[in-house]
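Structure first, commentary second.
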Amino acid sequence: MLYVVPSPIGNLGDMSFRAVEVLKTADLILAEDTRTSSVLLKHYGIQKPVTPYHQHNEHKIVHHLAEQIQAGKTMALITDAGTPGISDPAFLLVRECVNKNIRVECLPGATAFVPALVNSGLPINRFCFEGFLPLKKGRQTLFKKLAEEERTIVFYESPMRLVKTLAECMEYFGEDRPCSVSRELTKIFEENKRGSLREVHDYFQAKTVKGEIVVVIAGRG
């Protein structure tokens, strides 16, 4: 069978007991970046074969992996941080296993946008998650669509593009739209900056931005 195993988004202590047990008993661990995952596996004393599974090779090996699972192997899929499939590789392998009637089990665990959304102070009963916004093609069209969105909007952004993206959000949503930017969640320098788009934009424009980032913006009122 295939286990989809969430890994901590920063603090290694957020790994669940069950996730550790699954990784210790799997025949093979599929990792987005074996160097990054080696830190986690070493921390928990997990010594299992590890092979790369990422966006650059998944199309080539997905059928082979599914055949190996069908033949009796148990595999566990992890990514660098968070739940596989949420803006990380997983979909193709899960779909292939489902199509071949292979048992797939996804463990509950860390996903960066959930704590960012909950502690934003914005409505969380209804929201839309956009992952990473397109860099060029379709970006303007998406912003126009999101400008009419009534649900809370959540997406990921890189530190290099954050200020530019917040400026674009002001253009399409208005400077006074409430928002929250969460940075380095669960880590030592975790930061949650809340305010209007203008206030948050100006705050990050005046400093060097680092770390993993989640942006949460109020829907159209």
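A few points about this structure:
- The set of residues in the stretch 31-78 that are over 16 Å from Val98 (Cα atoms), in a loop (DSSP other than H, G, I, E, B) and over 21 Å from the mean Cα position of the chain (by Cα) comprises Tyr44, Gly45, Ile46, Gln47, Lys48, Pro49.
Residue-by-condition table, conditions (1) without any contact (Cβ under 8 Å) to a residue 12 or more places away in the chain; (2) in contact with a Phe, Trp or Tyr (Cβ under 7 Å, 6 or more places away or on another chain); (3) among the hydrophobic types (A, V, I, L, M, F, W, C); (4) more than 20 Å from Lys187 (Cα to Cα):
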residue	(1), (2), (3), (4)
Ser7	no, no, no, no
Asp14	no, no, no, no
Val22	no, yes, yes, yes
Arg35	yes, no, no, no
Gln47	yes, no, no, yes
His56	yes, no, no, yes
Gln70	no, no, no, yes
Val98	yes, no, yes, yes
Ile102	no, no, yes, yes
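- The single condition among (1) more than 21 Å from the chain's Cα centre (by Cα); (2) not in a loop (DSSP other than H, G, I, E, B) that Val154 does not satisfy is (1).
- Across the stretch 172-180, a minimum of one residue is classified as of a type outside the set (Asp, Glu), assigned to a helix (DSSP H, G or I) and in contact (Cβ under 8 Å) with a residue 40 or more places away in the chain.
- Residues in the stretch 105-118 that are crowded, with 17+ Cβ neighbours inside 10 Å and either among the polar types (S, T, N, Q) or outside any loop (DSSP other than H, G, I, E, B) (or both): Thr111, Phe113, Val114, Pro115, Ala116, Leu117.
- Test: residue in the stretch 17-24 that is touching a helix residue (DSSP H, G or I) at 6+ places or on another chain (Cβ under 8 Å) and in a loop (DSSP other than H, G, I, E, B): no
Per-residue answers, yes or no, for (1) acidic (Asp, Glu); (2) over 17 Å from Thr111 (Cα atoms):
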residue: Ser7; (1), (2): no, no
residue: Leu12; (1), (2): no, no
residue: Glu21; (1), (2): yes, yes
residue: Asp27; (1), (2): yes, yes
residue: Thr34; (1), (2): no, yes
residue: Gly45; (1), (2): no, yes
residue: His63; (1), (2): no, yes
residue: Thr83; (1), (2): no, no
residue: Phe91; (1), (2): no, no
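- Restricted to the stretch 3-21, and to residues there that are within 11 Å of Ile78 (Cα to Cα) and not small (Gly, Ala, Ser), the residue that is surrounded by the most Cβ atoms within 10 Å (Cβ to Cβ) is Val5.
- Just one of (1) modelled with pLDDT under 95; (2) of a type in the set (S, T, N, Q); (3) assigned to a helix (DSSP H, G or I) fails for Ser87. It is (3).
- Residue match in the stretch 187-197 (condition: part of a helix (DSSP H, G or I), surrounded by 14 or more Cβ atoms within 10 Å (Cβ to Cβ) and in contact with a helix residue (DSSP H, G or I) (Cβ under 6 Å, 6 or more places away or on another chain)): yes
The values are calculated or read from the model by the stated rules, or taken from the named source; none is laboratory data. Just so you know, these numbers come straight off a predicted model, no measurement behind them. Cβ atoms come from the backbone with ideal geometry, glycine included; neighbour counts cover every protein chain shown.
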